Structure formats: structure tokens, C-alpha cells
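All of the numbers you see were taken from the coordinates with simple rules; none came from a lab. Predicted, not measured: the structure shown is a model, and the values here were computed from it. Heads up, the Cβs are rebuilt from the backbone with ideal geometry, glycines too, and the neighbour counts pull from every protein chain shown.
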Amino acid sequence: MESISIFDMLKIGVGPSSSHTLGPWRAATRWIEALKTEGVFDEVTSVSVDLFGSLSLTGKGHATDIAVLLGLSGFDPVTFPTEKINTTIERIQSEQVLAFNSEKDIPFSSEKNIIFHRKFLEFHPNGMTFHATLKNGKKQSTTYYSIGGGFVVKEERKRAKKKIEIFSHFPYPIQKATELLEYCQAKKKSISEIVFENERALRSEEKINSKIEAIWQVMLESMYEGCHTEGTLPGGLNVHRRAYDMHEKLISDLPYSNTKEWLDAIRHTEVKFRQILKWVSCFALSVNEVNASLGRVVTAPTNGSAGVIPSVLMYYLVIENHDAGFEEIKKFLLVSGEIGSLFKKGATISAAMGGCQAEIGVSSAMAAGALTELMGGSPEQVLIASEIAMEHHLGLTCDPIAGLVQIPCIERNAMGAIKAINACEMALESDPTKAKVPLDKVIETMWETAKDMNHKYKETSEGGLAVKVSLSDC
């Protein structure tokens with residue numbers, strides 16, 4: 001069985017898209033590593049990039065060209081200061097010189113050397129080919145595919161996968177939800193405990209904790225930044241940032257000066273039903289407004305759905321359990337990451353393959369299951385919650401206006417978060433022995449729906465809202 005860590009599902013990166021931004025960025029850095037391994041990096045005199053399919057059709061709106069330039073420059077999406085992105089890109093474009101891996105200057109024209117092709121490659125809709133010309137005139141080309149959630153593969157993975165999956169690193173190898181449940185029942189452990197044991201097969205407990213702390217800190221900071229940033233989003237749609245206004249009304253005049261004090265302040269605000277809805281929506285909107293501005297977020301499981309999991313976790317911390325701390329955050333992320341991996345193994349987390357059901361739908365299922373465990377639900381109820389959340393996202397299309405991860409993407413995170421909380425509540429009141437629809441069947445159905453969905457509704461901006469509303473309308 002394939003071993004997928006929760007840290008594969010929850011990655012720190014830069015917005016606005018894990019498939020179109022983080023993936024191509026990582027592909028560029030991987031290509032450079034390959035050139036170095038082959039001993040030809042120092043021989044490179046020029047480079048160019050071909051972008052295919054969905055990467056081409058919505059690449060400009062998703063900042064794919066920007067991500068490629070930053071990757072070719074050798075920067076790390078986890079650590080590169082996002083405030084330097086614009087000046088870095090402007091320098092490359094004005095000087096028409098690329099500091100290749102920040103080691104050597106080569107001539108580069110963004111318009112001529114990054115080519116957008118409408119053609120779709122057979123292996124996956126998000127294909128890209130990197131080309132290098134060497135001093136001796138020979139050319140070297142490598143094709144990568146951004147398959148969702150920041151994952152990048154070569155086509156050989158299809159042939160190599162059978163060999164790879166035989167050698168699972170995990171003591172509890174899991175391909176389906178039924179297998180996860182069987183381990184929980186046999187070992188009398190919660191889902192988070194089973195997942196934690198698997199993670200310990202890959203790294204120490206100290207390392208697991210430090211990585212989880214880093215992920216939560218980015219989630220918290222993205223919510224904080226989104227709640228404290230005014231103005232409009234870049235890209236031409238002139239979308240007003242709503243999280244700031246909502247936050248101003250909700251937080252009132254409570255004093256705070258940093259994220260920790262902010263968290264404490266929110267815990268002391270009014271918690272009527274309407275305020276809860278507003279807070280959850282505010283948290284979700286804030287993250288995805290940061291994402292839409294090329295800010296740093298956590299793919300959960302993608303950038304386009306990055307707001308669901310932090311907003312639902314924040315709901316638990318500020319509404320349900322004021323005494324909760326790192327242990328609860330850890331459990332939440334362990335469970336959500338595992339549920340996300342089930343969808344990746346059994347279906348897809350790529351909107352270019354499955355529409356937005358593969359992003360918001362999956363993130364809502366991840367959050368619903370994780371919240372259910374924290375609320376005292378059994379492993380069976382955790383899976384019921386995930387099933388309920390996904391069941392009511394089946395068939396959700398991806399039709400971003402102007403190819404931007406803004407409309408309807410940002411609002412969908414708020415809706416996905418509310419659905420996750422609702423799914424949790426229904427699951428907690430459910431008798432697992434009377435459940436009718438297993439999570440595995442919903443995952444299978446999602447994949448069948450994805451394959452049947454018209455390509456116009458798979459992140460191409462060729463159907464739905466994307467053709468009903470244009471930049472000129474805004």
C-alpha cells in the first residue's frame with residue numbers, strides 16, 4: 001500500500017494554487033536538482049518552459065508563470081519572503097535575466113520562454129516541460145505533472161507505482177477507510193493514535209511535533225493576516241477583502257497585540273449562533289484572501305481549499321474548548337491528514353481532474369472527521385462525518401472567474417467549513433450500526449463523478465461562472 005504522510009497532505013507553501021503555483025514551483029526546483037545530478041547544470045546557457053492544459057488555461061490567473069520563475073531562481077516556497085515576490089518578478093522581467101538557481105545569470109524573457117499551450121497532455125491535465133540548452137548545443141527536456149496538493153510526479157510513476165506500493169513504511173498500511181477502522185477496532189485506538197504510530201515510522205515524535213507546530217503557526221498567521229488586511233485582491237476582479245470588515249465588527253474593542261493574545265481575545269467574544277457562523281466564515285475567508293494574494297498558507301489538501309481546516313480547528317479552540325492546546329491541534333491535524341490521504345489514494349485532490357469536489361469537498365470531509373474525534377466521537381463516527389461532508393459536495397465544479405482563485409473559491413471555503421461542523425454534529429448523533437453509506441463508497445463515487453464531469457468544469461475556466469461573468473463585468 002502507498003505510504004502517504006499527513007505532511008504530504010498538509011504542506012506549507014505560497015498561494016494561490018497548490019496545483020498551479022506550488023506544484024510548478026516545486027517542479028522547477030526538482031528539475032534543477034536533476035540537472036545537477038546529471039552534471040549538466042553548469043553547462044546550461046538557456047532555459048524555457050512549456051505549460052499545458054489547465055496550467056495554460058488558468059495559469060495566468062493562478063500565477064503559474066510567477067511560480068515557475070521563482071522555482072527556476074532556486075527559491076524555497078516554504079521560506080521565501082512573500083513580500084519580495086513582486087520585486088523579484090519585476091526585476092527578472094525588466095532586466096530579462098534569470099538568476100538560475102541563484103547561481104548563474106542567463107538571458108530569459110517571460111513572454112518568449114514561458115509558453116502557454118491549450119493542448120492537454122495525456123497523463124494529467126497539469127503538465128509542464130522544462131527545456132535546457134547546453135554549451136555544446138544539445139538540448140535536455142523533462143516533463144512533470146502537478147497532480148494536486150503540491151504533489152509533482154513524472155509519468156513513470158504510473159509504471160513504478162506497483163513496485164513502490166508493495167514496500168509500505170507504515171506499521172498500519174492503509175488504502176481504504178475500512179482498513180483504518182479495522183486497525184482502530186483491533187488495537188482499541190483512536191484514528192489519531194493509529195496515524196501517529198504510522199508517522200513515527202518515518203520520523204521522531206519530536207520532529208512530528210515540530211512540524212505540526214509549524215503547520216499550525218502558518219494557519220494561525222494566515223488567519224491573523226487576513227483579518228487585519230484591508231483593500232482589494234490582485235488580478236483585476238477588484239474583489240473586496242471581506243475578512244477585515246467582518247473581523248472589525250466581531251472583535252469589537254478587545255485588546256491584543258499578537259496571534260496568541262488575539263486567540264485569547266476571540267475566546268471572550270459573544271458566542272450566539274449568528275456570531276459563530278460569522279466567526280467561522282471570517283476565519284475561512286481570511287485564509288483564502290491571503291492565498292489569493294500570493295500569501296503563505298497550508299495546502300489542506302490544496303491551496304484553493306486552504307481555509308476550511310484552520311477555520312474549523314479555530315472554531316473548536318475558541319468556541320467548543322477554551323482549554324484546548326497543542327495536543328488537540330495535533331489530533332485534529334493527524335486525523336484530517338489521514339482522511340485526505342484516503343481521498344488521494346482512492347480518487348483525486350486535483351480540481352483539474354475532479355472539479356472543486358476534489359478540493360473543497362475533500363477539505364470539508366477532512367475537517368468534519370477531525371472535529372468529530374475532538375468532540376468525543378468514535379472512529380466509526382469520524383468516518384461517518386467525513387462521508388456526510390463529502391456526500392454533499394459531490395459534483396461540485398471548478399469554474400473560477402478569470403482563472404483567479406477568488407470567485408467562487410473564497411466563499412466556498414466558508415461554506416465547506418460550515419458543512420464540516422454540521423456533518424460532525426450529525427455524525428455524533430448517528431448510530432454507526434445504522435449507517436447506510438460507507439466512506440469508501442463515497443470516495444469511489446467521487447472518482448466516478450470526476451471522470452464523468454465535463455472538462456469545462458475542471459479548472460479550465462471554460463464553463464460555468466467563468467464564462468457567465470468576465471473581467472469587464474467587474
Point-charge dipole on Cβ atoms (K/R +1, D/E -1) for the stretch 18-160, about Cα centre, debye to 20: 440
Separation in nanometres of the label points that stand 7 Å from Cα toward Cβ, at residue 411 and residue 103: 4.8
Charge dipole (debye, nearest 20) of the chain; +1 at Cβ of Lys and Arg, -1 at Cβ of Asp and Glu: 1180
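What does the net charge come to around residue 203 if you take all other residues with beta carbon closer than 13 Å to its beta carbon, with K and R at +1 and D and E at -1?
Net local charge, residue 203 excluded: -2.
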Neighbourhood net charge (10 Å Cβ-Cβ; Lys/Arg +1, Asp/Glu -1) for residue 387: 0
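Take every DSSP beta bridge with both residues inside the chain and express the antiparallel ones as a percent of the total, to the nearest 5.
On the way: 26 of 30 bridges.
Counting DSSP beta bridges with both partners in the chain, the antiparallel share is about 85 percent.
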Among 259, 308, 405 the positive-end extreme of the charge dipole of the stretch 168-473 (Cβ point charges): 405
Length-normalised contact order for the stretch 270-392 - Cα pairs under 8 Å, 6+ apart - percent: 23
Equivalent ellipsoid, the stretch 319-420 (semi-axes from 5 times Cα gyration tensor eigenvalues, Å): 25, 15, 11
The stretch 258-394: C-alpha gyration tensor shape, a/c 1.5 cut-off, then a/b vs b/c: oblate
Cut-off under 5 Å, modelled amide H: who pairs with residue 11 long-range: 299
GluC sites (Glu not before Pro) restricted to DSSP loop in the stretch 40-135 with at most 16 other C-beta within 10 Å: 103, 122
5 Å-binned pair-distance histogram of the stretch 420-474 (Cα, whole percent): 4, 14, 13, 14, 13, 12, 13, 10, 5, 2, 0
Inter-centroid distance (Cα atoms) of the stretch 98-161 relative to the stretch 393-420, Å: 29
Total formal charge among the other residues, if their Cβ is under 11 angstrom from that of residue 258, Lys/Arg +1 and Asp/Glu -1: -2
Potential extension, residue 38-residue 452 segment - 0.36 nm per residue separation minus Cα distance: 144.9 nm
Between the stretch 203-269 and the stretch 270-300, the Cα center-to-center distance that results, in Å: 8
Theoretical gain in end-to-end length, residue 189 to residue 209 [0.36 nm per residue, Cα-Cα removed]: 5.2 nm
Solution diffusion estimate, µm²/s, Stokes-Einstein, the chain, Kirkwood Rh from C-alpha pairs, 25 °C, viscosity 0.890 mPa s: 109
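Any idea what the alpha-carbon Rg over 2.2 N^0.38 Å comes to for the stretch 166-212?
Rounded to two decimals, the normalised Rg is 1.18.
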Label-point separation, residue 257 to residue 217 (7 Å along Cα→Cβ), nm: 2.0
Trypsin sites (Lys or Arg not before Pro) lying in DSSP loop within the stretch 375-474, provided at most 11 other Cβ fall within 10 Å: 436
Positive dipole terminus of the chain, leading residue within 428, 334, 354 (C-beta point charges): 354
Charge dipole of the stretch 70-158 about the Cα centre (unit charges at C-beta), most positive-ward option of 149, 75, 134: 134
Net length gained if the chain between residue 326 and residue 90 were fully extended (0.36 nm per residue, minus Cα distance): 80.9 nm
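Among 50, 76, 105, rank each residue by its count of other Cβ atoms within 10 Å, from fewest to most, as a rough exposure measure.
105, 76, 50
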For the chain: relative contact order, % (alpha-carbon pairs under 8 angstrom, 6 or more apart): 19
Compactness index (Cα Rg / 2.2 N^0.38 Å), the stretch 18-160: 0.98
